[in-house]
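The values are calculated or read from the model by the stated rules, or taken from the named source; none is laboratory data. In this text the structure is predicted, and so the values were computed from the model without any measurement. Side chains are part of the model used for accessible areas, which takes the heavy atoms of the whole protein and leaves out ligands, DNA and RNA. Shrake-Rupley method; radii C 1.70, N 1.55, O 1.52, S 1.80 Å.
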Amino acid sequence: MFENIKKEFPVFEKDPELVFLDTAASSLKPKIVIDEIMKCYSYEYANIHRGIYKLSSQLTTKYEENRKKIGKFINAESSENIIITKSATESINLVCSCFCQKYLKPGDEIIISHLEHHANIVPWQIASEKYGFKIIFVDINPSTGSLDLQDLKNKINENTKFISLTHMSNVTGSITDTETLNNYRKKYNIPLLLDGCQMVAHSPVDVKNLNCDFYVFSGHKLYGPSGIGVLYMKDKWFEKFEPYQGGGSMIDQVTTDKTTFAKGFQKFEAGTPPIVQLIGLGKSIDFVSSLNLVQIQKCEKELYNYAIEKLSKINKLNIIGHSKNKGGILSFTVQDIHPQDIALILDQKNIALRTGQHCAEPLHRKLKIDSTARASFGVYNSKNDVDKLHDGIINLINFFN
Amino acid sequence: MSIQDKIIYYKDSLEYFDDTMEKYKFLLEQGKKNNNFPEEYRKVDFLVPGCQAKVWLVPKLYKQKLNFYCDSDAFLTKGMIVILVDIYGSNKPIDILNADFDLVKTFKLNSLLTPGRTNGVYAMLKKLKDYAEVFSKK
(Lines give C-alpha, C1' and ligand atoms only; values in the text may rest on other atoms or scores of the structure.)
Protein backbone atom coordinates (compact mmCIF):
# COMPACT_ATOMS: atom_id res chain seq x y z
CA MET A 1 0.00 0.00 0.00
CA PHE A 2 1.09 3.62 -0.40
CA GLU A 3 2.04 5.09 2.95
CA ASN A 4 0.61 8.48 3.89
CA ILE A 5 -1.14 8.71 0.53
CA LYS A 6 -4.36 9.91 2.14
CA LYS A 7 -2.59 13.18 2.96
CA GLU A 8 -2.57 13.91 -0.76
CA PHE A 9 -6.39 13.89 -0.84
CA PRO A 10 -8.09 16.84 0.92
CA VAL A 11 -11.33 14.90 1.44
CA PHE A 12 -9.55 12.78 4.08
CA GLU A 13 -8.59 15.96 6.02
CA LYS A 14 -12.31 16.65 6.35
CA ASP A 15 -13.27 13.04 6.92
CA PRO A 16 -10.29 10.90 8.03
CA GLU A 17 -12.45 7.84 8.67
CA LEU A 18 -14.00 7.76 5.21
CA VAL A 19 -13.64 4.36 3.54
CA PHE A 20 -14.01 5.20 -0.13
CA LEU A 21 -14.60 2.13 -2.27
CA ASP A 22 -16.19 3.67 -5.35
CA THR A 23 -13.17 4.54 -7.47
CA ALA A 24 -14.58 2.61 -10.45
CA ALA A 25 -17.38 5.20 -10.62
CA SER A 26 -15.08 8.19 -10.12
CA SER A 27 -11.85 8.60 -8.18
CA LEU A 28 -11.20 11.11 -5.43
CA LYS A 29 -9.05 14.08 -6.40
CA PRO A 30 -5.51 14.71 -5.12
CA LYS A 31 -4.53 18.17 -3.97
CA ILE A 32 -2.07 18.74 -6.81
CA VAL A 33 -4.88 18.34 -9.35
CA ILE A 34 -7.18 20.70 -7.43
CA ASP A 35 -4.35 23.24 -6.99
CA GLU A 36 -3.49 23.10 -10.67
CA ILE A 37 -7.10 23.78 -11.65
CA MET A 38 -7.28 26.67 -9.16
CA LYS A 39 -4.01 28.09 -10.48
CA CYS A 40 -5.09 27.84 -14.09
CA TYR A 41 -8.46 29.51 -13.55
CA SER A 42 -6.94 32.12 -11.20
CA TYR A 43 -3.82 33.22 -13.05
CA GLU A 44 -3.42 31.54 -16.43
CA TYR A 45 -6.85 31.44 -18.02
CA ALA A 46 -7.76 32.67 -21.47
CA ASN A 47 -9.20 30.93 -24.49
CA ILE A 48 -6.55 29.05 -26.41
CA HIS A 49 -5.26 28.43 -29.94
CA ARG A 50 -5.82 31.74 -31.69
CA GLY A 51 -5.08 34.44 -29.16
CA ILE A 52 -2.09 36.61 -29.96
CA TYR A 53 -1.73 37.95 -26.44
CA LYS A 54 0.53 36.33 -23.84
CA LEU A 55 -2.12 34.70 -21.62
CA SER A 56 -3.66 32.88 -24.55
CA SER A 57 -0.42 31.82 -26.22
CA GLN A 58 1.09 30.63 -22.93
CA LEU A 59 -1.95 28.56 -22.07
CA THR A 60 -2.05 27.20 -25.64
CA THR A 61 1.51 25.99 -25.19
CA LYS A 62 0.65 24.42 -21.84
CA TYR A 63 -2.47 22.79 -23.27
CA GLU A 64 -0.57 21.22 -26.13
CA GLU A 65 2.19 20.07 -23.78
CA ASN A 66 -0.48 18.17 -21.90
CA ARG A 67 -1.67 16.55 -25.11
CA LYS A 68 1.91 15.33 -25.53
CA LYS A 69 1.86 14.08 -21.95
CA ILE A 70 -1.27 12.03 -22.65
CA GLY A 71 0.31 10.63 -25.80
CA LYS A 72 3.37 9.49 -23.86
CA PHE A 73 1.21 8.17 -21.01
CA ILE A 74 -0.44 5.61 -23.29
CA ASN A 75 2.58 5.30 -25.60
CA ALA A 76 0.81 6.67 -28.66
CA GLU A 77 2.82 7.12 -31.85
CA SER A 78 2.47 10.88 -31.42
CA SER A 79 0.44 13.51 -29.56
CA GLU A 80 -1.21 14.07 -32.96
CA ASN A 81 -3.08 10.82 -32.37
CA ILE A 82 -4.79 12.23 -29.27
CA ILE A 83 -8.24 13.80 -29.64
CA ILE A 84 -9.62 15.66 -26.64
CA THR A 85 -13.32 15.12 -25.90
CA LYS A 86 -15.62 15.88 -22.99
CA SER A 87 -15.86 12.26 -21.83
CA ALA A 88 -15.07 8.68 -22.74
CA THR A 89 -18.71 8.39 -23.74
CA GLU A 90 -18.22 11.17 -26.28
CA SER A 91 -15.05 9.46 -27.52
CA ILE A 92 -17.00 6.26 -28.24
CA ASN A 93 -19.86 8.21 -29.82
CA LEU A 94 -17.39 10.02 -32.05
CA VAL A 95 -15.85 6.80 -33.37
CA CYS A 96 -19.23 5.09 -33.66
CA SER A 97 -20.78 7.99 -35.53
CA CYS A 98 -17.86 8.54 -37.92
CA PHE A 99 -17.28 4.84 -38.63
CA CYS A 100 -20.91 3.77 -39.06
CA GLN A 101 -21.78 6.69 -41.31
CA LYS A 102 -19.01 5.83 -43.74
CA TYR A 103 -18.61 2.09 -43.58
CA LEU A 104 -21.71 0.26 -42.32
CA LYS A 105 -24.75 -0.96 -44.21
CA PRO A 106 -27.43 -3.64 -43.77
CA GLY A 107 -25.85 -7.10 -43.62
CA ASP A 108 -22.76 -5.84 -41.79
CA GLU A 109 -22.04 -6.84 -38.22
CA ILE A 110 -20.19 -5.24 -35.34
CA ILE A 111 -19.11 -7.08 -32.20
CA ILE A 112 -19.43 -5.89 -28.63
CA SER A 113 -19.88 -8.01 -25.47
CA HIS A 114 -22.18 -8.62 -22.55
CA LEU A 115 -19.49 -7.07 -20.31
CA GLU A 116 -19.89 -3.60 -21.77
CA HIS A 117 -20.83 -0.40 -19.98
CA HIS A 118 -23.89 1.23 -21.54
CA ALA A 119 -21.55 3.80 -23.12
CA ASN A 120 -20.26 1.02 -25.36
CA ILE A 121 -23.70 -0.40 -26.15
CA VAL A 122 -26.17 2.41 -26.65
CA PRO A 123 -24.26 4.43 -29.32
CA TRP A 124 -24.03 1.27 -31.45
CA GLN A 125 -27.73 0.55 -30.99
CA ILE A 126 -28.65 4.08 -32.08
CA ALA A 127 -26.37 3.76 -35.12
CA SER A 128 -27.72 0.30 -35.89
CA GLU A 129 -31.25 1.72 -36.14
CA LYS A 130 -29.96 4.30 -38.58
CA TYR A 131 -27.68 2.19 -40.79
CA GLY A 132 -29.23 -1.26 -40.46
CA PHE A 133 -26.20 -3.27 -39.35
CA LYS A 134 -26.40 -6.02 -36.76
CA ILE A 135 -24.88 -5.91 -33.27
CA ILE A 136 -23.41 -9.23 -32.16
CA PHE A 137 -22.88 -9.69 -28.42
CA VAL A 138 -19.99 -11.89 -27.36
CA ASP A 139 -20.88 -14.15 -24.47
CA ILE A 140 -19.14 -14.24 -21.13
CA ASN A 141 -17.99 -17.07 -18.96
CA PRO A 142 -20.49 -16.74 -16.07
CA SER A 143 -18.16 -18.16 -13.42
CA THR A 144 -15.13 -16.02 -14.23
CA GLY A 145 -17.05 -12.97 -15.44
CA SER A 146 -14.64 -12.65 -18.34
CA LEU A 147 -15.04 -12.59 -22.10
CA ASP A 148 -15.71 -15.99 -23.70
CA LEU A 149 -12.90 -15.90 -26.25
CA GLN A 150 -14.06 -19.05 -28.01
CA ASP A 151 -17.45 -17.42 -28.54
CA LEU A 152 -15.68 -14.32 -29.87
CA LYS A 153 -13.72 -16.46 -32.30
CA ASN A 154 -16.91 -18.16 -33.47
CA LYS A 155 -18.70 -14.88 -34.03
CA ILE A 156 -16.01 -13.21 -36.13
CA ASN A 157 -16.66 -13.64 -39.84
CA GLU A 158 -16.39 -11.80 -43.15
CA ASN A 159 -19.37 -9.61 -42.22
CA THR A 160 -17.71 -8.35 -39.02
CA LYS A 161 -16.71 -4.75 -39.67
CA PHE A 162 -15.81 -3.50 -36.19
CA ILE A 163 -15.06 -4.77 -32.68
CA SER A 164 -15.58 -2.56 -29.62
CA LEU A 165 -14.78 -4.05 -26.22
CA THR A 166 -14.00 -3.05 -22.70
CA HIS A 167 -10.36 -3.32 -21.68
CA MET A 168 -11.44 -3.98 -18.07
CA SER A 169 -15.01 -4.71 -16.95
CA ASN A 170 -16.45 -2.18 -14.52
CA VAL A 171 -18.43 -4.96 -12.79
CA THR A 172 -16.36 -8.13 -12.80
CA GLY A 173 -12.98 -6.40 -13.14
CA SER A 174 -11.87 -8.94 -15.76
CA ILE A 175 -9.21 -7.73 -18.17
CA THR A 176 -9.63 -8.50 -21.86
CA ASP A 177 -7.00 -10.76 -23.39
CA THR A 178 -6.05 -8.46 -26.27
CA GLU A 179 -3.35 -10.77 -27.60
CA THR A 180 -5.84 -13.55 -28.35
CA LEU A 181 -8.37 -10.99 -29.56
CA ASN A 182 -5.81 -9.56 -32.00
CA ASN A 183 -5.05 -13.03 -33.34
CA TYR A 184 -8.74 -13.61 -34.03
CA ARG A 185 -9.39 -10.32 -35.76
CA LYS A 186 -6.31 -10.12 -37.99
CA LYS A 187 -7.69 -12.52 -40.63
CA TYR A 188 -10.37 -9.99 -41.58
CA ASN A 189 -8.37 -6.91 -40.54
CA ILE A 190 -11.21 -5.72 -38.26
CA PRO A 191 -10.72 -2.36 -36.52
CA LEU A 192 -10.72 -2.49 -32.72
CA LEU A 193 -11.84 0.03 -30.10
CA LEU A 194 -10.90 -0.58 -26.47
CA ASP A 195 -12.77 1.14 -23.66
CA GLY A 196 -9.97 1.83 -21.18
CA CYS A 197 -11.94 3.76 -18.55
CA GLN A 198 -11.30 1.21 -15.81
CA MET A 199 -7.82 0.31 -16.97
CA VAL A 200 -5.84 3.54 -17.21
CA ALA A 201 -5.75 4.38 -13.50
CA HIS A 202 -4.74 0.89 -12.46
CA SER A 203 -2.23 -0.43 -14.96
CA PRO A 204 0.22 0.85 -17.57
CA VAL A 205 -1.38 1.10 -21.00
CA ASP A 206 0.56 0.89 -24.25
CA VAL A 207 -1.67 1.45 -27.27
CA LYS A 208 1.06 0.47 -29.71
CA ASN A 209 1.45 -2.84 -27.98
CA LEU A 210 -2.31 -3.30 -27.75
CA ASN A 211 -2.44 -2.61 -31.49
CA CYS A 212 -5.92 -1.13 -31.21
CA ASP A 213 -7.29 1.40 -33.69
CA PHE A 214 -9.02 3.42 -30.97
CA TYR A 215 -8.54 3.69 -27.21
CA VAL A 216 -10.82 5.77 -24.99
CA PHE A 217 -10.74 6.86 -21.37
CA SER A 218 -12.01 9.61 -19.12
CA GLY A 219 -10.19 11.99 -16.79
CA HIS A 220 -12.39 11.61 -13.74
CA LYS A 221 -11.54 7.94 -13.17
CA LEU A 222 -7.84 8.79 -13.38
CA TYR A 223 -7.80 11.13 -10.35
CA GLY A 224 -8.44 14.01 -12.75
CA PRO A 225 -11.37 16.35 -13.40
CA SER A 226 -14.70 15.38 -14.90
CA GLY A 227 -15.66 16.86 -18.26
CA ILE A 228 -12.61 15.52 -20.06
CA GLY A 229 -12.21 12.44 -22.20
CA VAL A 230 -9.48 11.12 -24.45
CA LEU A 231 -9.65 9.36 -27.78
CA TYR A 232 -6.54 7.78 -29.20
CA MET A 233 -6.94 7.16 -32.92
CA LYS A 234 -4.56 5.47 -35.32
CA ASP A 235 -3.22 7.72 -38.12
CA LYS A 236 -5.19 6.20 -40.96
CA TRP A 237 -8.59 7.15 -39.55
CA PHE A 238 -7.94 10.89 -39.39
CA GLU A 239 -8.28 11.27 -43.15
CA LYS A 240 -10.95 8.62 -43.55
CA PHE A 241 -13.41 10.02 -41.02
CA GLU A 242 -15.64 12.99 -41.73
CA PRO A 243 -15.95 15.56 -38.90
CA TYR A 244 -18.05 14.45 -35.93
CA GLN A 245 -19.34 17.93 -35.04
CA GLY A 246 -19.15 21.28 -36.73
CA GLY A 247 -18.15 24.58 -35.15
CA GLY A 248 -15.18 26.74 -34.35
CA SER A 249 -11.62 25.38 -34.21
CA MET A 250 -12.23 22.44 -36.57
CA ILE A 251 -12.25 24.49 -39.77
CA ASP A 252 -9.73 25.53 -42.37
CA GLN A 253 -11.91 28.11 -44.18
CA VAL A 254 -15.57 29.03 -43.90
CA THR A 255 -17.51 30.82 -46.60
CA THR A 256 -21.24 31.27 -47.03
CA ASP A 257 -21.12 28.45 -49.59
CA LYS A 258 -18.98 25.84 -47.94
CA THR A 259 -16.44 24.97 -45.28
CA THR A 260 -13.12 23.21 -45.57
CA PHE A 261 -11.91 21.42 -42.50
CA ALA A 262 -8.76 21.44 -40.44
CA LYS A 263 -6.51 18.38 -40.56
CA GLY A 264 -5.64 15.93 -37.83
CA PHE A 265 -7.07 16.06 -34.32
CA GLN A 266 -8.38 19.60 -34.86
CA LYS A 267 -10.93 18.26 -37.32
CA PHE A 268 -12.57 16.43 -34.43
CA GLU A 269 -12.35 19.14 -31.76
CA ALA A 270 -15.16 21.56 -32.54
CA GLY A 271 -15.69 24.50 -30.19
CA THR A 272 -13.75 25.69 -27.17
CA PRO A 273 -12.16 22.58 -25.67
CA PRO A 274 -12.21 21.60 -21.98
CA ILE A 275 -9.09 23.69 -21.38
CA VAL A 276 -8.68 23.61 -17.62
CA GLN A 277 -9.90 20.03 -17.43
CA LEU A 278 -7.02 19.00 -19.69
CA ILE A 279 -4.53 20.92 -17.56
CA GLY A 280 -5.96 19.08 -14.52
CA LEU A 281 -5.76 15.75 -16.29
CA GLY A 282 -2.11 16.43 -17.06
CA LYS A 283 -1.49 16.86 -13.34
CA SER A 284 -3.35 13.65 -12.51
CA ILE A 285 -1.13 11.83 -15.00
CA ASP A 286 1.88 13.29 -13.15
CA PHE A 287 0.32 12.01 -9.93
CA VAL A 288 -0.16 8.39 -11.02
CA SER A 289 3.18 8.42 -12.83
CA SER A 290 4.95 9.57 -9.66
CA LEU A 291 3.44 6.60 -7.84
CA ASN A 292 4.34 4.37 -10.80
CA LEU A 293 1.51 2.47 -12.45
CA VAL A 294 3.31 -0.85 -12.16
CA GLN A 295 3.45 -0.26 -8.41
CA ILE A 296 -0.21 0.84 -8.35
CA GLN A 297 -1.20 -2.33 -10.16
CA LYS A 298 0.83 -4.43 -7.70
CA CYS A 299 -0.65 -2.74 -4.63
CA GLU A 300 -4.23 -2.96 -5.86
CA LYS A 301 -3.79 -6.61 -6.76
CA GLU A 302 -2.46 -7.28 -3.27
CA LEU A 303 -5.41 -5.44 -1.77
CA TYR A 304 -7.85 -7.30 -4.01
CA ASN A 305 -6.37 -10.66 -3.01
CA TYR A 306 -6.58 -9.69 0.65
CA ALA A 307 -10.22 -8.66 0.19
CA ILE A 308 -11.09 -11.90 -1.61
CA GLU A 309 -9.46 -13.91 1.16
CA LYS A 310 -11.37 -12.04 3.87
CA LEU A 311 -14.76 -11.65 2.21
CA SER A 312 -14.97 -15.17 0.81
CA LYS A 313 -15.04 -16.40 4.41
CA ILE A 314 -18.39 -14.68 4.90
CA ASN A 315 -20.96 -17.43 4.51
CA LYS A 316 -23.72 -15.60 2.72
CA LEU A 317 -21.50 -13.52 0.47
CA ASN A 318 -21.17 -14.35 -3.22
CA ILE A 319 -18.39 -12.75 -5.25
CA ILE A 320 -19.24 -12.01 -8.88
CA GLY A 321 -16.44 -12.90 -11.27
CA HIS A 322 -13.31 -14.90 -10.55
CA SER A 323 -11.19 -14.16 -13.57
CA LYS A 324 -7.47 -14.82 -13.08
CA ASN A 325 -6.60 -11.58 -14.78
CA LYS A 326 -8.60 -8.82 -13.14
CA GLY A 327 -8.22 -5.40 -11.59
CA GLY A 328 -9.23 -4.03 -8.20
CA ILE A 329 -12.99 -4.36 -8.63
CA LEU A 330 -14.96 -6.64 -6.36
CA SER A 331 -18.69 -7.00 -7.01
CA PHE A 332 -20.74 -9.12 -4.68
CA THR A 333 -24.18 -10.02 -3.41
CA VAL A 334 -25.23 -11.08 0.06
CA GLN A 335 -27.89 -13.77 0.24
CA ASP A 336 -31.37 -12.41 1.07
CA ILE A 337 -30.16 -8.82 1.46
CA HIS A 338 -30.77 -6.30 -1.29
CA PRO A 339 -27.61 -4.42 -2.37
CA GLN A 340 -29.34 -1.11 -1.59
CA ASP A 341 -29.86 -2.19 1.98
CA ILE A 342 -26.17 -3.12 2.06
CA ALA A 343 -25.13 0.34 0.85
CA LEU A 344 -27.43 2.20 3.24
CA ILE A 345 -26.19 0.31 6.28
CA LEU A 346 -22.52 0.53 5.24
CA ASP A 347 -22.96 4.27 4.68
CA GLN A 348 -23.79 4.52 8.38
CA LYS A 349 -20.28 3.14 8.99
CA ASN A 350 -18.87 5.73 6.58
CA ILE A 351 -18.13 3.09 3.95
CA ALA A 352 -18.90 4.34 0.43
CA LEU A 353 -19.59 1.72 -2.19
CA ARG A 354 -21.88 1.49 -5.17
CA THR A 355 -24.92 -0.66 -5.70
CA GLY A 356 -27.15 -1.26 -8.67
CA GLN A 357 -26.28 -2.39 -12.17
CA HIS A 358 -23.32 -0.05 -12.68
CA CYS A 359 -24.52 0.98 -16.16
CA ALA A 360 -24.26 -2.66 -17.22
CA GLU A 361 -27.81 -3.95 -17.41
CA PRO A 362 -27.18 -6.59 -20.10
CA LEU A 363 -24.40 -8.08 -17.97
CA HIS A 364 -26.62 -8.32 -14.90
CA ARG A 365 -29.37 -9.88 -16.98
CA LYS A 366 -26.87 -12.40 -18.33
CA LEU A 367 -25.74 -13.24 -14.80
CA LYS A 368 -29.42 -13.40 -13.71
CA ILE A 369 -28.76 -10.90 -10.93
CA ASP A 370 -30.95 -7.84 -10.35
CA SER A 371 -28.16 -5.77 -8.88
CA THR A 372 -24.83 -6.05 -7.11
CA ALA A 373 -22.79 -4.19 -4.53
CA ARG A 374 -19.39 -3.13 -5.83
CA ALA A 375 -16.24 -2.28 -3.92
CA SER A 376 -13.56 -0.80 -6.16
CA PHE A 377 -10.09 0.21 -5.07
CA GLY A 378 -7.91 3.24 -5.63
CA VAL A 379 -4.44 4.27 -4.48
CA TYR A 380 -5.82 5.59 -1.16
CA ASN A 381 -7.26 2.25 -0.02
CA SER A 382 -5.57 0.02 2.51
CA LYS A 383 -6.09 -3.33 4.21
CA ASN A 384 -7.66 -1.41 7.05
CA ASP A 385 -10.43 -0.31 4.63
CA VAL A 386 -11.00 -3.93 3.64
CA ASP A 387 -11.18 -4.91 7.32
CA LYS A 388 -13.83 -2.23 7.89
CA LEU A 389 -15.78 -3.44 4.86
CA HIS A 390 -15.59 -7.01 6.15
CA ASP A 391 -16.79 -6.02 9.63
CA GLY A 392 -19.49 -3.80 8.14
CA ILE A 393 -20.87 -6.69 6.08
CA ILE A 394 -20.87 -9.02 9.12
CA ASN A 395 -22.72 -6.35 11.12
CA LEU A 396 -25.34 -5.77 8.46
CA ILE A 397 -26.00 -9.49 8.09
CA ASN A 398 -26.61 -9.61 11.84
CA PHE A 399 -28.77 -6.48 11.65
CA PHE A 400 -31.10 -7.93 9.01
CA ASN A 401 -31.22 -11.29 10.72
CA MET B 1 -57.19 6.80 12.70
CA SER B 2 -57.41 9.36 9.93
CA ILE B 3 -54.70 9.75 7.31
CA GLN B 4 -53.43 12.84 9.10
CA ASP B 5 -53.36 11.03 12.47
CA LYS B 6 -51.33 8.23 10.95
CA ILE B 7 -48.90 10.69 9.37
CA ILE B 8 -48.38 12.25 12.81
CA TYR B 9 -47.99 8.79 14.39
CA TYR B 10 -45.22 7.77 11.97
CA LYS B 11 -43.57 11.21 12.13
CA ASP B 12 -43.40 10.94 15.92
CA SER B 13 -42.21 7.35 15.74
CA LEU B 14 -39.34 8.22 13.38
CA GLU B 15 -38.40 11.31 15.41
CA TYR B 16 -38.36 9.26 18.61
CA PHE B 17 -35.12 7.60 17.53
CA ASP B 18 -31.98 9.75 17.47
CA ASP B 19 -29.81 7.09 15.91
CA THR B 20 -30.24 6.40 12.18
CA MET B 21 -29.73 2.67 12.75
CA GLU B 22 -32.63 2.71 15.21
CA LYS B 23 -34.78 4.42 12.59
CA TYR B 24 -33.76 1.72 10.11
CA LYS B 25 -34.69 -0.92 12.67
CA PHE B 26 -38.10 0.71 12.96
CA LEU B 27 -38.51 0.55 9.16
CA LEU B 28 -37.39 -3.06 9.20
CA GLU B 29 -40.01 -3.93 11.82
CA GLN B 30 -42.77 -2.24 9.82
CA GLY B 31 -41.78 -4.31 6.82
CA LYS B 32 -41.98 -7.52 8.82
CA LYS B 33 -45.65 -6.82 9.58
CA ASN B 34 -46.45 -7.29 5.92
CA ASN B 35 -46.49 -10.94 4.93
CA ASN B 36 -49.66 -11.23 2.91
CA PHE B 37 -48.61 -10.26 -0.59
CA PRO B 38 -50.44 -12.57 -3.03
CA GLU B 39 -47.84 -14.18 -5.29
CA GLU B 40 -50.09 -13.87 -8.37
CA TYR B 41 -49.58 -10.09 -8.21
CA ARG B 42 -45.80 -10.28 -8.34
CA LYS B 43 -45.85 -9.00 -11.91
CA VAL B 44 -44.12 -6.25 -13.86
CA ASP B 45 -47.50 -4.52 -14.25
CA PHE B 46 -47.61 -3.80 -10.52
CA LEU B 47 -44.03 -2.56 -10.14
CA VAL B 48 -43.67 1.06 -9.09
CA PRO B 49 -41.54 2.76 -11.77
CA GLY B 50 -38.62 4.86 -10.61
CA CYS B 51 -37.61 2.80 -7.57
CA GLN B 52 -34.11 1.33 -7.50
CA ALA B 53 -35.36 -1.70 -5.58
CA LYS B 54 -38.43 -3.56 -6.79
CA VAL B 55 -41.65 -2.31 -5.23
CA TRP B 56 -44.99 -3.94 -6.01
CA LEU B 57 -48.17 -1.98 -5.31
CA VAL B 58 -51.57 -3.49 -6.08
CA PRO B 59 -54.84 -1.56 -5.56
CA LYS B 60 -57.99 -3.27 -4.30
CA LEU B 61 -61.31 -1.49 -3.90
CA TYR B 62 -63.66 -2.89 -1.28
CA LYS B 63 -66.87 -1.22 -0.14
CA GLN B 64 -65.75 2.04 -1.80
CA LYS B 65 -62.51 2.10 0.16
CA LEU B 66 -59.16 1.75 -1.56
CA ASN B 67 -56.57 -0.50 -0.04
CA PHE B 68 -53.32 -1.93 -1.34
CA TYR B 69 -51.19 -5.04 -1.34
CA CYS B 70 -47.53 -4.14 -1.30
CA ASP B 71 -44.08 -5.68 -1.18
CA SER B 72 -40.43 -4.96 -1.99
CA ASP B 73 -37.27 -7.01 -2.49
CA ALA B 74 -35.31 -4.62 -0.23
CA PHE B 75 -35.94 -4.59 3.53
CA LEU B 76 -35.86 -0.86 4.19
CA THR B 77 -37.86 -0.02 1.07
CA LYS B 78 -40.41 -2.59 2.16
CA GLY B 79 -40.70 -0.85 5.52
CA MET B 80 -41.32 2.43 3.73
CA ILE B 81 -44.03 1.16 1.37
CA VAL B 82 -45.75 -0.65 4.26
CA ILE B 83 -45.89 2.63 6.19
CA LEU B 84 -47.28 4.49 3.16
CA VAL B 85 -49.94 1.84 2.54
CA ASP B 86 -50.89 1.93 6.22
CA ILE B 87 -51.24 5.73 6.03
CA TYR B 88 -53.25 6.03 2.83
CA GLY B 89 -54.90 2.61 2.55
CA SER B 90 -58.45 1.73 3.69
CA ASN B 91 -59.72 5.18 2.76
CA LYS B 92 -62.04 6.52 0.11
CA PRO B 93 -60.05 7.47 -3.03
CA ILE B 94 -61.22 11.09 -2.75
CA ASP B 95 -59.93 11.28 0.84
CA ILE B 96 -56.58 9.88 -0.26
CA LEU B 97 -56.39 12.45 -3.06
CA ASN B 98 -57.05 15.28 -0.63
CA ALA B 99 -54.44 14.12 1.88
CA ASP B 100 -50.90 15.44 2.50
CA PHE B 101 -48.41 13.80 0.12
CA ASP B 102 -45.38 15.83 1.17
CA LEU B 103 -44.10 13.03 3.38
CA VAL B 104 -40.46 13.23 2.30
CA LYS B 105 -40.38 16.62 4.00
CA THR B 106 -42.68 15.69 6.91
CA PHE B 107 -40.66 12.57 7.77
CA LYS B 108 -37.34 14.35 7.07
CA LEU B 109 -36.40 11.50 4.77
CA ASN B 110 -33.63 13.51 3.11
CA SER B 111 -31.47 12.98 6.17
CA LEU B 112 -32.45 9.33 6.52
CA LEU B 113 -32.21 8.07 2.95
CA THR B 114 -29.90 8.65 0.02
CA PRO B 115 -31.26 10.84 -2.83
CA GLY B 116 -31.86 7.70 -4.89
CA ARG B 117 -34.00 6.23 -2.12
CA THR B 118 -35.84 9.50 -1.59
CA ASN B 119 -36.69 9.51 -5.30
CA GLY B 120 -38.08 6.04 -4.75
CA VAL B 121 -40.37 7.35 -2.00
CA TYR B 122 -41.59 10.10 -4.34
CA ALA B 123 -42.31 7.40 -6.92
CA MET B 124 -44.30 5.34 -4.38
CA LEU B 125 -46.30 8.39 -3.33
CA LYS B 126 -47.02 9.26 -6.94
CA LYS B 127 -48.22 5.72 -7.67
CA LEU B 128 -50.50 5.74 -4.62
CA LYS B 129 -51.93 9.07 -5.71
CA ASP B 130 -52.33 7.86 -9.32
CA TYR B 131 -54.31 4.83 -8.14
CA ALA B 132 -56.50 7.05 -5.94
CA GLU B 133 -57.14 9.29 -8.93
CA VAL B 134 -58.13 6.37 -11.14
CA PHE B 135 -60.46 4.84 -8.54
CA SER B 136 -62.02 8.20 -7.63
CA LYS B 137 -63.49 8.26 -11.14
CA LYS B 138 -65.02 4.80 -10.90
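Taking the chain by itself as reference, the range A:316-349 contains these residues with an accessible-area loss of 30 Å² or more in the full protein complex (1.4 Å probe, heavy atoms): A:338, A:340, A:341, A:344, A:345, A:348. On the principal axes of its alpha carbon atoms, the range A:152-294 extends 51, 44, 24 Å, with the longest extent given first.
Let a ≥ b ≥ c be the square roots of the eigenvalues of the Cα gyration tensor of the range B:69-138; is it rounded (a/c under 1.5), or, if not, prolate (a/b larger than b/c) or oblate? Since a/c reaches 1.5 and a/b is larger than b/c, the shape of the range B:69-138 is classed as prolate. The overall shape of chain A is oblate: from the C-alpha gyration tensor, with semi-axes ordered a ≥ b ≥ c, the ratio a/c is 1.5 or greater and a/b is no larger than b/c. Normalising the average separation of contacting C-alpha pairs (under 8 angstrom, six or more residues apart) by the number of residues puts the relative contact order of chain A at 23 percent.
Rounded to whole Å, the principal axis extents of the Cα atoms in the range B:3-136 read 40, 29, 25, largest first.
Interface burial in the range B:71-101 reaches 30 Å² or more for B:73, B:75, B:76, comparing the full protein assembly with the chain by itself; accessible area from heavy atoms with a 1.4 Å probe. Amide H contacts of residue A:320: A:331, A:332, A:333, each under 5 Å away and 5 or more positions distant or on a separate chain (H built 1.01 Å from N in the peptide plane; Pro and chain starts excluded). Within the range A:226-332, all pairs of alpha-carbon atoms sorted by distance into 5 Å bins from zero give the percentages 2, 9, 13, 12, 11, 10, 10, 10, 8, 6, 5, 2, 1, 1, 0. Largest accessible area first, the listed residues A:390, A:49 line up as A:49, A:390 when surface is computed with a 1.4 Å probe on the assembled protein chains.
Using C-alpha pairs under 8 Å with a sequence gap of at least 6, the mean separation divided by the residue count of chain B gives a relative contact order of 26 percent.
Helix content alone sets the calculated 222 nm mean residue ellipticity of chain B: runs of n ≥ 4 DSSP H residues at -39500 (n - 2.57) each, divided across all residues, give -16000 deg cm²/dmol.
For the range A:99-111, putting each phi into the Karplus relation 6.51 cos²θ - 1.76 cosθ + 1.60 with θ = phi - 60° gives couplings of 5, 5, 4, 8, 10, 9, 8, x, x, 6, 10, 10, 10 Hz, in residue order, rounded to whole numbers and with x for Gly and Pro.
In straight-distance terms, cross-link reach from residue A:54 covers every one of the aspartates and glutamates whose alpha-carbon lies under 18 Å from its own, apart from those fewer than eight places away in the same chain; here that gives A:44, A:64, A:65.
The aspartates and glutamates whose alpha-carbon is closer than 15 Å to the alpha-carbon of residue A:105, local same-chain residues fewer than 8 away aside, are A:129, A:158.
Of A:153, B:54, which has the most accessible area and how do the rest follow, probe 1.4 Å? Numbers along the way, then the final one.
Numbers: A:153 100, B:54 75 Å².
Ranking A:153, B:54 by accessible area, largest first, yields A:153, B:54.
Anything over 23 Å Cα to Cα? Flag those among B:11/B:32; B:25/B:92; A:155/A:240; A:68/A:187; B:65/B:126, in the order listed.
Details: B:11/B:32 19 Å; B:25/B:92 31 Å; A:155/A:240 27 Å; A:68/A:187 33 Å; B:65/B:126 18 Å.
Pairs exceeding the cut-off: B:25/B:92; A:155/A:240; A:68/A:187.
Remark: accessible surface ordering of A:143, B:13 (largest first) is A:143, B:13, probe radius 1.4 Å. The phi torsions of the range A:37-49, fed into the Karplus equation with coefficients 6.51, -1.76 and 1.60 and a -60° offset, translate into couplings of 5, 4, 4, 5, 5, 6, 10, 10, 7, 6, 6, 10, 6 Hz, rounded to whole numbers, with Gly and Pro shown as x. When chains B and A come together, the accessible area they lose, probed at 1.4 Å and totalled over both chains, is close to 1400 Å².
Could you grab the relative contact order for the range B:68-138? Cα pairs under 8 Å, six or more apart, rounded to a whole percent.
Details: 38 pairs, mean separation 24.7, N = 71.
35 percent.
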